[in-house]
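These notes are about the structure you will find just below.
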Amino acid sequence: MRFSTSSATLAFIAAFASATPSNAVRRVAGNIYPCTDSTFPVGSSCPSGISRGSGFCAALSVEPGVCYNWASFPAEDVAPLINNLTFVEIPIVQGGIYGCDIYFNDDCTGESGTIQVGQNDFSCPGLGPQKFNDKVASFSCYLG
């Protein structure tokens, strides 16, 4: 008994077999908003208030799992932030960036701190890792 298989069926099987598995790591770009300064609304102060970014702010598009340093972006987009990063906002986006690990070294190695969705103010106790104020050299973000 002989069976025959059409070329269309074979093409479907080949395409299905080479498809990316459903458990593959997603890489979806998201934005983070680093700023040189932070400010609190009138009547609200550190550490009980919610700060906002101020001074020079940038909108940086980042992918999860990628190590970024300041040289990863055009100089005009980040120059004021180098050795002057005080605040980072990570917006809440369904399926988007949830947080970032931040580092003193420019290659995402060594001592690290963590920031997550919302406002991360390095100048205020309890609102961000203070020891990284003006000292972040690299970061790698992750999904939630």
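Data for the structure
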quantity	calculated
Charge context of Ser72, other residues only, Cβ under 12 angstrom, K/R +1, D/E -1	-4
Reduced Cα scattering model of segment 50-100, Debye log10 I(q)/I(0), q = 0.12, 0.28 Å⁻¹	-0.30, -1.33
Share of carbon and sulfur in the accessible heavy-atom surface of segment 24-144 [1.4 Å probe, %]	51 percent
Å² of accessible area per residue within segment 45-144, as computed with a 1.4 Å probe and no ligands counted	48 Å²
Residue-count net charge about Phe104 - beta-carbon cut-off 14 Å; Lys, Arg +1, Asp, Glu -1	-3
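The values are calculated or read from the model by the stated rules, or taken from the named source; none is laboratory data. Values in this document were obtained by computation on a predicted structure and should not be read as measured data. Note: ideal-geometry Cβ built from the backbone for every residue, glycine included; neighbour counts use all protein chains shown. To get the accessible areas, we keep the full protein, side chains included, count just its heavy atoms, and leave off ligands, DNA and RNA. Shrake-Rupley method; radii C 1.70, N 1.55, O 1.52, S 1.80 Å.
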